[in-house]
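The values are calculated or read from the model by the stated rules, or taken from the named source; none is laboratory data. None of the values given here were measured: they were computed from a predicted structure. We place every Cβ from the backbone using ideal geometry, glycine too, and count neighbours over all the protein chains shown. Heads up: the accessible areas ignore ligands, DNA and RNA and are worked out on the full protein's heavy atoms, side chains in. Shrake-Rupley method; radii C 1.70, N 1.55, O 1.52, S 1.80 Å.
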Amino acid sequence: MLMPKPEADILAQRQGLIADLRQIVSGEGVIADEIALRVYESDGLSAYRQTPMAVVLPETVAQISDIMRLCDQRGVKIVPRGAGTSLSGGALPLEDGIILGLGKFNRILEIDYENRAVRVQPGVTNLGISQAVDAEGFYYAPDPSSQIACSIGGNVAENAGGVHCLKYGVTTNNLLGLEMVLLSGEVIRLGGKHLDSGGYDLMGLLTGSEGLLGVITEITVRILKKPETARALLIGFPSSEAAGACVGQVIGSGIIPGGMEMMDKAAIHASEEFCHAGYPLEAEALLIVELDGPGREVDHLIEKVGAIAEGCGSTSLRISETEAERDAFWAGRKAAFPAIGRISPDYMCMDGTIPRNRLPEVLARMGELSKKHGLAVANVFHAGDGNLHPLILFDANAGELETAEEFGADILRLCVEVGGVLTGEHGIGVEKRDLMAEVFTEQDLAQQQRIKCAFDPNGRLNPGKVFPVLHRCAELGQLVVHKGKIPFPEIPRF
Amino acid sequence: MTENLKPTDAAQVGEVLAWTAGSGKSVELIGGGSKAGLGRPMITDYRLDLSALEGVNLYEPEELVLRAGAATPLGEIQAMLAQQRQQMAFEPPDYAGLYQHDKDQTIGGVLATNLAGPRRIKAGAARDHFLGVAGISGRGEAFKSGGRVVKNVTGYDLCKLMAGSFGTLAALTEVTIKVLPAPEKIRTVLLFGQEDGTAILAMSQAAGSPHEVSGLAHLPSAIAARSSVSYVQTAGASVTAVRVEGPGPSVEHRAAALREQWGSFGAVEELHGHNSSTFWREVANVAHLLPQADAVIWKLSVTPSLGAETMAAALSEGGEGYYDWAGGLLWLSVPLLNDGHSDGGVALVRGALIGPDAGHATLMRGPDDLRERIDVFQPGAPALAALSARIKDSFDPRGLLNPGRMYVAV
């Protein structure tokens, strides 16, 4: 992966930069020691590593403003980092840049049940929000698998999802307010506890912008009351086609389940060996369908979904009768990644989204790709929203990393070809950066980069991520000027 | 003199906007023209009628997705969805009454103005259902963003930026939206005779219940008396309402639970199917404040618990109003002196917004000269306004698309 060429004059500033940073953040808040810096050399995408010039861990918004201004003046690049759980390399350091770590922004600032809102600092974990309001029976809906560790600031940067997105939306649908600091040091507050924006929806733009536009320093999220009950069905199918048809018919019948997950045979077997959830080993595909709401509604819908599954040729069906049983159904799914980790020296987790009804075709073609590259693949699938997580099994010590990456790129090209996208919830980062041209034209990407210029005219905030080719803002801003000539004689006037 | 142009397809829209961008000619974008009264008035060199960009290009009910030309009439889409028992969950309001015309709005217009009805509190606004967009920027360049799937972080989310940009960044040519099943059943529980403050408390309790409520509104008694739903019209008191939707047994269960919850506040009643639909349609479409010749209409989005206090302050010199979105949306009718100098209550209304992150007030209906004189949209803090202007520049560097529609410079 080619990153922007380090600038020699920036690297030469290292000692002066560290001294300046220590003027802003004292004591242990600036890390410059070679060994200590290695902690920050990669995020959740550990195939890529780079030691930054320094790491700074501010504690106040004013310090962040000062750091941003300092780096802008010195021309130093900044990579913001939350909990460092990104699977796409969004927090991968740059050799001639600093890491701006938000780990000390870990406080819950306000819980407002009356307005169903929680105001937090960005370093609070996703699960930490739900835990803070649990006693009153509330929760924060988006629940990425990494929720125990990932920070809410990172969730905003990547527009994180989870298993309940179809019914409850992703991060962007659950935000009420944001505060961010621009590279100029300016602090901008968006939203609050009210709905929608009075001007442009910059909160929507910031969400999923992967740390390229501003550093988020405060977030207000919407919380929901927990449903009265939740029950799950565990359904085995003889083929992915049958399971896919069942998913389509459930939704077509007007039911939006709280969660609907699919696993293929390889994932079923790996999970079952790992945590003995009682998954049907003979099934080619397994569906977990969770319904939540009042008891009467859930019972009513469980019956409907069961009947649809039977009509689609299900080979096994279990319905959770207790919370413990429902948890057991989910345990296998939630442990799918570590379960694969147990049977393979390394694995790579992909993250494409496809139109749901193309799943059987995508799985079949993925099987062919698996043969072509000589690497096995297991699939877990957020079936409700079309988000596919193929897990490619490989052994880096046997020199298979490159093949795995090629296989992964082929899978994502396939997702795009059937009408899907490169990433549903992990972000482009560095991992999928060079595939952006599969989705976007040069003109599309130029417009996106012009937006970046509006926030960061010198390109200092997290460069080398998301965009495969970097252009200078002045070059992007040029406009072709037309002269004279009576325009469009063929267009109707009225 | 404004020249009217009606391109026949997206490519022609691109040709026109490339030429206007190069020659510095300003352009007003029109879909159905149903919201011409919303925003600041403009005088432009060209008026670009986009109505040829119509037709549903893709609708897959099981995939919950629909793609259409941006100028497709909303009614056409709604009829198509209804056949499959689906809907746009954000409940787009119809402001034909508000602007006193009978024009049908377009899907692009609904998205570009980011409208939403009472279901906003549960299902989100137009922005939350806007999955993909193709458009032509003020530079005359075609671009796209998003796709047809609900989970997507592939590049910046320009759909959000287009939603609520009122045609100041780009001409939308094709849009993709998420659609959802229509509910099997609807019930509305009414609570009578509450003061505004108590009503807000009751609505907050319902919103904080596990009953997945999809509408929470409060009508003071004079406004309730204008409803065409007899239970509401003849109540002789204020009416607070909560809506539940979903499968039959669930709706009955939840309505009963809410009746019990609200019973501790005062007398309660229940509206079923048809009456329920009528009630919420009137709330969404601002029907209760119409028609009023000598008044302007404001819409305020505020912290719900501050709704009553804000309303009282904004109406301290007269006027009336009601609450939607659990108290977070205020619709006000403020008297207008037609003397060419009246500020339409702008100082009082915006002054009523409380505290930091206070929310925003939009002048939804008022005479042209007033909309030219005052800020129709809430002015942002200086750094935010400057950033918004730079974003406008990134799409439309010469400021040619719908110039001044949102702000003087935007």
Open item on the list: Can you compute log10 of I(q)/I(0) for the range B:328-390 with the Debye formula, treating each Cα as one identical point scatterer, at q = 0.22, 0.28 Å⁻¹?
Closed with: -1.00, -1.30
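Only sites in a loop by DSSP and with at most 14 other Cβ atoms within 10 Å count here; which GluC sites (Glu not before Pro) in the range B:282-386 make the cut?
On the way: sites: B:GLU282, B:GLU309, B:GLU317, B:GLU320, B:GLU372; in loops: B:GLU317.
Here the GluC sites (Glu not before Pro) that fit, given the DSSP loop and packing criteria, are B:GLU317.
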TODO: Just grab the label-to-label distance for A:GLN443 and A:GLN15, each label 7 Å out from Cα along the Cβ direction, in nm (one decimal).
DONE: 5.3
TODO: Can you spot the lysines whose alpha carbon is less than 17 Å from B:LYS35's alpha carbon? Ignore those fewer than 8 places along the same chain.
DONE: B:LYS103, B:LYS299
Task: Shape metrics for the range A:95-160, restricted to C-alpha atoms - Rg then Dmax, Å - done: 13.0, 47
Open item on the list: Let's test the formula: R0 of 22 Å, r as the Cβ-Cβ distance of A:GLU273 and A:ALA376. What FRET efficiency results, to the nearest 0.05?
Closed with: 0.90
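Heavy atoms only, probe 1.4 Å: what % of the accessible area of the range A:229-337 goes to carbon and sulfur, would you let me know?
Numbers: 2080 of 3830 Å².
After summing per-atom areas, the C and S share lands at 54 percent.
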Open item on the list: How large a share of the accessible area of the range A:29-183, in percent, is made up of carbon and sulfur atoms when the probe is 1.4 Å and the other protein chains stay in place?
Closed with: 48
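Would you compute, from DSSP H runs of 4+ residues alone, the mean residue ellipticity of chain A at 222 nm, taking -39500 (n - 2.57) per run and dividing by the full residue count, rounded to the nearest 500?
Numbers: 18 runs with 173 residues, N = 494.
It comes out at -10000 deg cm²/dmol, rounded to the nearest 500.
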Task: Shielding by partners - mean other protein chain Cβ count within 10 Å, residues of A:373-382 - done: 0
Open item on the list: Counting heavy atoms of the protein chains only and a 1.4 Å probe, report the per residue accessible area for the range B:287-383 as a whole number of Å².
Closed with: 36
Task: For the protein assembly as shown, cysteines whose Cβ has no other cysteine Cβ within reach (under 4.7 Å) - done: A:CYS71, A:CYS150, A:CYS165, A:CYS275, A:CYS349, A:CYS415, B:CYS159
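Work the Kirkwood hydrodynamic radius out for the range B:1-182: mean of 1/r over every pair of different alpha-carbon atoms, inverted, in Å.
Result for the range B:1-182, one decimal place: 16.5 Å.
If r is the Cβ-Cβ distance from B:GLN292 to B:SER228 and R0 is 30 Å, what FRET efficiency results, to the nearest 0.05?
After rounding, the FRET efficiency stands at 0.95.
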- [ ] Rounded to the nearest Å, what's the spacing between the alpha carbon centres of the range A:270-311 and the range A:22-44? Just the number, please.
- [x] 47
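At a probe radius of 1.4 Å, figure out the A/B buried accessible area, summed over both chains, and give it in Å² to the nearest 100.
Rounded to the nearest hundred, the buried surface is 8400 Å².
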Open item on the list: Rounded, prolate or oblate, given the Cα gyration tensor of chain B, with a/c below 1.5 counting as rounded?
Closed with: oblate
Open item on the list: From the phi angles alone, apply the Karplus equation (6.51, -1.76, 1.60; θ = phi - 60°) to the range A:95-112 and give each ³J(HN,Hα) in whole Hz, x where the residue is Gly or Pro.
Closed with: 4, 9, x, 10, 9, 9, x, 9, x, 7, 8, 10, 10, 8, 8, 7, 10, 10
TODO: Just read off the accessible area of A:CYS275 with the full protein assembly in place, 1.4 Å probe, to the nearest 10 Å².
DONE: 40
Task: Vicinal HN-Hα couplings computed from phi for the range B:194-204 (Karplus, 6.51 cos²θ - 1.76 cosθ + 1.60; Hz; Gly/Pro x) - done: 9, 5, 3, x, 5, 4, 4, 5, 4, 5, 5
Open item on the list: I'd like the GluC sites (Glu not before Pro) in the range A:269-378 restricted to DSSP loop residues with at most 15 other Cβ atoms within 10 Å, sorted by number.
Closed with: A:GLU282, A:GLU321
Task: Computed over chain A, Kirkwood Rh from alpha-carbon pairs, angstrom - done: 24.1
Open item on the list: Which one, B:ALA68, B:ALA52, B:ASN114, projects farthest toward the positive side of the charge dipole computed for the range B:1-182 from Cβ point charges (K/R +1, D/E -1)?
Closed with: B:ASN114
Open item on the list: Which three extents, in angstrom, do the Cα atoms of the protein assembly as shown have along their principal axes, listed largest first?
Closed with: 81, 67, 62
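In µm²/s, what is D for the range A:229-337 at 10 °C and 1.306 mPa s, where D = kT/(6 pi eta Rh) by Stokes-Einstein and Rh is the Kirkwood radius from Cα pairs?
Values: Rh = 13.6 Å.
In µm²/s, the coefficient is 117.
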Open item on the list: Running a GNM on chain B with Cα contacts under 10 Å, which residue among B:PRO356, B:PRO304, B:PRO118 ends up with the highest mean-square fluctuation?
Closed with: B:PRO356
TODO: Please tell me which of these pairs span more than 32 angstrom C-alpha to C-alpha: A:LYS304/B:LYS122; A:LYS193/B:LYS392; B:LYS151/B:LYS392; A:LYS372/B:LYS151; A:LYS77/A:LYS371; A:LYS304/B:LYS178?
DONE: A:LYS77/A:LYS371
Open item on the list: Can you compute the modelled spin-label distance between A:ASP434 and A:ALA398, with each label point 7 Å from Cα toward Cβ, in nm?
Closed with: 2.4
Task: Members of the range A:111-132 that become less accessible by 50 Å² or more once partner protein chains are added (1.4 angstrom probe, chain alone as reference) - done: A:GLU114, A:ASN115, A:ARG116
TODO: Measure of size requested: the Rg and Dmax of the range B:185-284, with Cα atoms as the atom set and Å as the unit; please supply both.
DONE: 12.1, 35
TODO: Quantify, in whole percent, the carbon and sulfur part of the accessible surface of the range B:185-284 (1.4 Å probe; protein heavy atoms only).
DONE: 49
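Work through the residues other than B:SER333 whose Cβ is under 15 Å from its Cβ and net out their charges, Lys, Arg +1 and Asp, Glu -1. Before the final figure, lay out each step's value.
Numbers: positive: B:ARG226, B:LYS299, B:ARG365; negative: B:GLU282, B:ASP294, B:GLU317, B:GLU320, B:ASP324.
Residues near B:SER333 contribute -2 overall.
Can you compute the helix-only [θ] at 222 nm over chain B? Use -39500 (n - 2.57) per DSSP H run of at least 4 residues, normalise by all residues, nearest 500 deg cm²/dmol.
After summing the helix terms and dividing by residue count, I get -8000 deg cm²/dmol.
At a threshold of 8 angstrom on Cα-Cα distance, excluding pairs fewer than six apart, so keeping six or more, what relative contact order does chain B reach in percent? Before the final figure, lay out each step's value.
Values: 920 pairs, mean separation 76.3, N = 410.
The normalised contact order for chain B reaches 19 percent.
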Open item on the list: For A:LEU2, project a label point 7 Å along Cα to C-beta. Then give me every residue of the range A:391-431 with its amide nitrogen under 17 Å of that point.
Closed with: A:430-431
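I need the shape label for the range A:108-225. Rule: rounded when a/c is under 1.5, else prolate if a/b > b/c, else oblate, with a, b, c from the alpha carbon gyration tensor.
Working: a/c = 1.57, a/b = 1.38, b/c = 1.14.
Verdict is prolate for the range A:108-225.
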Task: ³J(HN,Hα) computed for each position of the range B:403-410 - Karplus, 6.51 cos²θ - 1.76 cosθ + 1.60, integer Hz, glycine/proline x - done: x, x, 4, 8, 9, 3, 9, 10
Open item on the list: Once you keep just the Cα pairs under 8 angstrom separated by 6 or more residues, what percentage relative contact order results for the range A:8-101?
Closed with: 35
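For the range A:424-467, which trypsin sites (Lys or Arg not before Pro) pass both filters: DSSP loop (anything but H, G, I, E, B) and at most 13 other C-beta atoms within 10 Å? Before the final figure, lay out the partial values.
On the way: sites: A:LYS432, A:ARG433, A:ARG450, A:LYS452, A:ARG460, A:LYS465; in loops: A:LYS432, A:ARG460, A:LYS465.
Of the trypsin sites (Lys or Arg not before Pro), not one in the loops of the range A:424-467 has a Cβ with at most 13 other Cβ atoms within 10 Å.
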